[in-house]
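Let me begin by presenting the structure, written as structure tokens, before commenting on it.
No value in this document is a laboratory result; all are computed from the given coordinates. Remember, predicted model here, so these are calculated numbers, not experimental data. A quick note on method: Cβ atoms are made from the backbone with ideal geometry, for glycine too, and the neighbour counts reach across all protein chains shown.
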Amino acid sequence: MKSYSEDLRKKIVAAVERGISKSEAARLFDVSLSSVKRYSRMADGGGSLAPKKRPGRTPKVDEKTKRLLNEDMKERPAATIAERVRFLEVVTGKHLSYSTVWRVLKRLGWSRKKDQWAHRSEMSFEEPTGG
């Protein structure tokens, strides 16, 4: 879930400081009551209302790499995953595993059918015939 913006958090705190009840502020801004309480507590303590950095590892594959991979899929639909791993290593300098590249391709909408890659939007789905 994406964090609420710092601007929204400030508006919520300002509304509570103007005298609106916390439950009313939650309804007004369409956030949970616990979020309103948390932001009020943070503001009262003098803390920053800016969203904190999300925990976890940074993704290995950024938007540039996804774009490169997508373009390579269009240019060389018959290339193997191993060839794509080598391509990305040469172009970006990142060594990605076979599994990582496979997962990214799936998320981008690519599927391998009969030794050929196809994008979901390009696949034709045949209508079942009655019989």
When the charge dipole of the stretch 1-56 is computed with +1 at the Cβ of Lys and Arg and -1 at the Cβ of Asp and Glu, the Cα pointing farthest to the positive end, of Ala50, Ile20, Ser40, is that of Ala50
Given the rule -39500 (n - 2.57) for each run of at least 4 DSSP H residues, summed and divided by the residues of the chain, what is its mean residue ellipticity at 222 nm, to the nearest 500 deg cm²/dmol?
-15500 deg cm²/dmol
Translational diffusion coefficient, Stokes-Einstein: compute it for the chain using the Kirkwood radius over C-alpha pairs as Rh, at 37 °C and 0.692 mPa s, and state it as an integer in µm² s⁻¹.
172
Cα-only Debye scattering, the stretch 1-56: base-10 log of I(q)/I(0) at q = 0.26 Å⁻¹
-1.07
Sorting check: for 43-53, 102-112, which peptide has the highest mean count of neighbouring beta carbons within 10 Å, and how do the rest follow?
102-112, 43-53
Taking only Cα atoms, what is the 0 to 90° angle, nearest 10, from helix 63-75's long axis to the longest principal axis of the chain?
20
3J(HN,Hα) from dihedral phi, the stretch 4-10, Karplus parametrisation 6.51/-1.76/1.60, rounded to Hz, x for glycine, proline
6, 5, 5, 4, 5, 4, 5
